[in-house]
Every structure is written in C-alpha cells, then in structure tokens.
Amino acid sequence: DTAVVLFTRDLRVHDNPALAEACAGAERVIPLYVLDPTLAGLSGNRSRFLHQCLADLREQLRERGGDLVVRTGDPVAEAIRVAREHDAATIHLAADVSGYARRRERRLTDEGERHRIAVRLHPGVTVVDPGVLRPGGGGDCYKVFTPYFRIWSQTRWRAEAPVPQRVTLPDGIAAGHLPAIPDGDSPHAAEGGETVGRRRLTAWLSSIDGYGIDAYPDVHDDLPADRTSRLSPYLRWGCLSPLALAEAARTRDAEAFVRQLCWRDFYYQVARVFPKLSTEPLRPGGDRGWRYDEDALAHWQDGLTGVPVVDAGMRQLRAEGWMHNRARLITAAFLTKHLGLDWRAGVDWFFRWLIDGDVPNNSGNWQWVAGTGNDTRPGRRFNPIRQALRFDPEGVYVRRYVPELKGIDGPAVHQPWRLPKPVLDYPGPLESHRDEAVWLRG
Ligand code: FAD
C-alpha cells in the first residue's frame, strides 16, 4: 500500500517520525511538499532558506531511491488529491502549534475522513510534545519557566526515529518542479538545508578551537565572540531534530545549552494554548499605554537610534537575518522600555528579517522583554550602556556592525556623544530620547 508524508517544517530525513513511520508501514511512500501561495508573503530571507532546504531534502530523498514530490496550492487539497490519485490510505505529518498549522491539521483530518484517508500526526517539532506536561495546580500550560524546566528534564523523551534506508515512490508519479532559489534580503544569511545543518551540528558538538558546546556556558553572552551555536534557523525549519540535539547535549552534560533548548519547548507549549501570542498580551491587562512614534520606530528599525549597541544589533539583523540573543534582549528592551513603543511593532520587524523567526519564540520572547508575558519581574529595566560595557567591553561588536564608528577605539565607542568631537555621519541619540539621565537609570 501507499502512504503520503506531508512535509511542513520538518525538512529532514534524520529523526523524522512522520517519514520513518510511513516508510516502516507502507511499501510505497510519497514525500510531499506543497508550495502554499498564501505564504508567498514570506520574507526574502525565509523564502530563500526554505527553498535551499527543499532542494537539499530532494537530494536526500533521491539518494534513498525516492524524491520530493512538489505541488503548488492549498496543502490540504493537494495532499488529499495526491493521496487519492495514488490510492494512499494514510497521510502522515508533524504536529505543530501555530493557529495556521492547527487549522490546517483540522481541515486535513476532516477532508481525510470524507475520503477515508487516515491522517496521522507525529512528534518532532519540539523535544517534548507541547501539551503533554501540565502544571499540578491546573491550567493548560506552564507560564513560568523554572518549574517547566524541572519537569521537562525529568520527562522520558521519545526514542529517535530511524533514518529510512529506502524510499519507494509509486510508479509514474511526477515529482514536480522546484522553483529556483530566490534571492534573500540579507547578504550574510545562513544557508538552508539538512546537510549544512548537520555539518554545523557536528562542528558544534566537537568543540574545536574554542567554538562549540563545551565553551557555551562561559561565552554565550559574549557579543563579539559570537560563540553561540547559530543552529536556530535549522531548528526553525526542522533541518535538525531538536530531540537529537538535546540528547547529544545531554550526553555531554551541557546543562546550560539543554536549558536553552527547553526555552524553545517552553514557548511552544505556551503558543499552543495562546494562539494569539503575537497580538495579545499573555498577562491579562499586561499592555501598558504604548507610545505611537513612527519616526522613533523607523530609527530603531534602521539602526539609527544613536545608541551604538542597539544600532549594531539592528544592523546585524539586516545583514545576517539573525541576531545574537544578548543583542535581541538589548534592542527589544530599548524599543519597549526606553522608547515606550508597542512590542507588536518589534515582533513584526523581527519576523520580517529573522530566518529563525517563528510565532512561539519570537512573540514569546518579545512578550517576556516587554513585561506582558512570562517574566516573573515584568518591571525589569535594561540599561543599554551598562549592557554594552558588560557584554562588549572593548566595543568590538559595535565596530563590526556600525562602520561610522570604526575610528573610535575601545569602550568609548558606546557613548559617542561624550567624545570631544562629534562623529559626523552618526546620529546623536533620538530626539524623543535625549535625556541620558533617564535611560541610564534602568
Ligand atoms: P544558542 O544560544 O546556541 O541556543 C541554542 C538553541 O536554544 C537556539 O537555537 C534556540 O532554539 C534555543 N533558544 C535559545 N535561547 C532561547 C530563547 N530565549 N527562547 C527560545 N529558545 C531559545 N529564537 C528563535 O528561535 N526564533 C525567534 O523568532 C526568536 N525571537 C526572539 C526575539 C527576542 C526579542 C528575543 C530576546 C529572543 C528571541 N529568540 C528567538 C531566542 C534567541 O535569541 C535565539 O533562539 C538565539 O539567539 C538563536 O541563536 P543560537 O542558535 O546561536 O542560540
């Protein structure tokens, strides 16, 4: 018999439970990806990365005797059509949490029922399935990280799914055309695909030359060192299995790193229960009266606030489609706590550029920073200069991304307004934000 595997954001052959089960249970398997025109608004960076992933997945499947079957249209209608054309009894796919994904799952299940096609949902997008762990005192999800981490760490994780040796397509099926890889927006963006992701993972785990998982606890906050894993885009698109990564990290006793992977799971289980995470505050009444200031927002987006560490982060985002976590914290706090602008504007801008951008992690983290979400200290303030001096003490990170300031040596680069001579092509701190005393107070 025949089974369809509908790939969505699990673009890999290693530890892919949907693919593994399909291959174990059916003689013929149709690995399917449906290009959904309603997602055509995907940013250039994400679109490029996705297409690189698809090209690589096709290669991986061809090496195993199969192919990636590509169709265009509504994923539900196309999956059902392909299943019916080839008499498939089952459609397998990875369960996901966003509102869009869950509507798609429901529609697929309903349509499947109508045509007597079984729809099977599989784990694989997170380490522990969202929704499995429930707080003792009631409630649908954990809202505070530490107790979640405790339970999550003690949970028995599923076994990794085997990589299929062979994928056998039904006779005569047309593989379909994969469009050329589009241009991205960022000149220095990561390259997509399971092959590149696995290469990076191996380098990360082998920890050679001070880069890698062993040094992580000491250097993960060091802005110029840039020694976090940079695996987030590969996790976002499922080129890497979060479970396999967490297992590998756990066997190396890399607790600090495993903890970060748990943050990822944490926000997924929040997003599953709060589908409006990107638009509504998690804490009822959590929104403050946000200011409306288009000019200040544009300066923030363009990396022209006049606060070098903030501008460096915002320019890294555009140059690479990625930003260091410490810089994400600093720039997000600056937008919400200092400029007093709405966190949703930040969510949208990050989403536009980040290759790893997804609803749970992007919106979840923004709400944490804005104090509308899971932070146990919502009034927390961030002093950007103190942060800069602590995490970029010599100003190396700033000079890397803000060329106008290249000529200023050492930590003085963090406060150019204090220099005897102004830097001509770099702005002074924003009009709305001139009073240094106010923002150094944080
Ligand atoms: P590492 O430090 O090597 O961590 C390993 C992995 O752990 C990451 O790849 C990621 O999957 C996970 N992780 C680490 N920190 C966090 C965190 N705070 N929350 C959730 N997961 C985490 N991460 C995203 O994947 N997508 C986003 O859209 C996103 N938006 C963010 C927005 C803001 C305002 C902030 C403050 C953080 C955001 N993060 C997001 C979390 C974090 O900044 C990135 O995951 C991290 O910088 C990715 O780089 P890395 O892979 O080198 O991380």
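Each reported figure results from applying straightforward, stated rules to the coordinates on display, with no laboratory input. Quick caveat: nothing in here was measured; it's all calculated off a predicted structure. Please note: Cβ atoms are built from the backbone with ideal geometry, for glycine as well, and neighbour counts cover all protein chains shown.
Evaluate 2.2 N^0.38 Å with N set to the residue count of the stretch 2-125, then give the Cα radius of gyration divided by it.
0.99
Ranked highest first by average number of other Cβ atoms within 10 Å, how do 297-306, 359-368, 46-55, 99-108 line up?
Answer by packing, highest mean first, reads 359-368, 46-55, 297-306, 99-108.
Of the GluC sites (Glu not before Pro) in the stretch 1-99, which ones lie in a loop per DSSP and count no more than 10 other C-beta atoms within 10 Å?
GLU27
Helix-derived [θ] at 222 nm for the chain: sum -39500 (n - 2.57) over DSSP H runs of at least 4, divide by residue count, nearest 500?
Using -39500 (n - 2.57) per qualifying helix, the result is -12500 deg cm²/dmol.
Could you tell me whether the stretch 336-404 comes out rounded, prolate or oblate from its Cα gyration tensor? Rule is a ≥ b ≥ c as square roots of the eigenvalues, rounded for a/c under 1.5, then prolate if a/b exceeds b/c, otherwise oblate.
Taking the square roots of the gyration eigenvalues as a ≥ b ≥ c, the stretch 336-404 is oblate.
LEU223's amide H: which non-local residues (gap 5+, or another chain) put their own amide H closer than 5 Å, with H modeled 1.01 Å from N in plane and none for Pro or chain starts?
Result for LEU223 returns nothing.
Which is farthest toward the positive dipole end of the chain among TRP417, CYS141, ALA298, measuring Cα position about the Cα centre, with Cβ charges +1 (Lys, Arg) and -1 (Asp, Glu)?
My answer, from the dipole projection, is CYS141.
Which of the three applies to the stretch 294-440, rounded, prolate or oblate, going by the alpha-carbon gyration tensor with a ≥ b ≥ c and a/c under 1.5 meaning rounded?
It is prolate, given that a/c is not under 1.5 and a/b is the larger ratio.
By its C-alpha gyration tensor, with a ≥ b ≥ c as the square roots of the eigenvalues, how is the stretch 259-323 shaped: rounded for a/c under 1.5, else prolate for a/b larger than b/c, else oblate?
Oblate, because a/c is 1.5 or more while a/b does not exceed b/c.
Under 16 Å Cα-Cα from LYS421, which lysines qualify once same-chain neighbours fewer than 8 residues away are excluded?
In chain and number order, the partners are LYS406.
Taking +1 at the Cβ of each Lys and Arg and -1 at the Cβ of each Asp and Glu, which of ALA180, ALA312, LEU61 sits farthest along the dipole of the chain towards its positive end, judged by Cα position relative to the Cα centre?
So the residue furthest toward the plus end is ALA312.
In degrees, nearest 10, range 0 to 90: what is the angle between the Cα axis of helix 308-320 and the longest Cα principal axis of the chain?
30 degrees
Place the peptides 313-325, 267-279, 194-206 in order of packing, highest mean first, counting for every residue the other Cβ atoms within 10 Å and averaging per peptide.
Descending mean neighbour count gives 313-325, 267-279, 194-206.
Out of all DSSP beta bridges with both ends in the chain, state the antiparallel percent to the nearest 5.
Percentage antiparallel, nearest 5: 0.
Using Cα atoms only, what is the angle between the long axis of helix 343-353 and the major principal axis of the chain, expressed in degrees (0 to 90) to the nearest 10?
With both axes taken from Cα atoms, the answer is about 60 degrees.
Which of the lysines could be linked to LYS143 by a straight reach, that is with a Cα gap under 20 Å, when you skip same-chain ones fewer than 8 residues away?
Reachable lysines: LYS276.
Fully extended, how many nm does the chain gain between ARG62 and HIS177 (0.36 nm per residue separation, minus their Cα-Cα distance)?
40.0 nm
In Å, what Rg and Dmax follow from the Cα atoms of the chain?
Looking at the chain, its Cα Rg and Dmax stand at 23.1, 78 Å.
Specify the angular offset, from 0 to 90 degrees and rounded to the nearest 10, of the alpha carbon long axis of helix 255-273 from the longest principal axis of the alpha carbons in the chain.
Helix 255-273 sits at roughly 70 degrees to that axis.
Tell me, what HN-Hα J-couplings in whole Hz come from the Karplus equation 6.51 cos²θ - 1.76 cosθ + 1.60 at θ = phi - 60° for each residue of the stretch 397-404, using x for Gly and Pro?
Using θ = phi - 60°, the values come out as 4, 4, 5, 5, 10, 10, x, 4 Hz.
Give a residue-ordered list of calculated ³J(HN,Hα) values for the stretch 17-26 (Karplus: 6.51 cos²θ - 1.76 cosθ + 1.60, θ = phi - 60°; whole Hz; x for Gly, Pro).
Residue by residue, the stretch 17-26 yields x, 5, 5, 4, 5, 4, 5, 6, x, 10 Hz.
Would you pull out the residues with amide H under 5 Å of ALA89's amide H, same chain only if 5 or more places away, H placed 1.01 Å from N?
THR2
How large is log10 of I(q)/I(0) for the stretch 67-179 at q = 0.13, 0.17, 0.19 Å⁻¹ when the intensity is taken from the Debye formula with one equal scatterer per alpha-carbon?
Each listed q corresponds, in turn, to -0.70, -0.99, -1.12.
If you plug each phi of the stretch 159-174 into the Karplus form 6.51 cos²θ - 1.76 cosθ + 1.60 with θ = phi - 60°, what whole-Hz ³J(HN,Hα) values come out, in order, with x for Gly and Pro?
3J(HN,Hα) across the stretch 159-174, in whole Hz: 7, 5, 7, x, 7, x, 6, 9, 10, 10, 7, x, 4, x, 7, 7.
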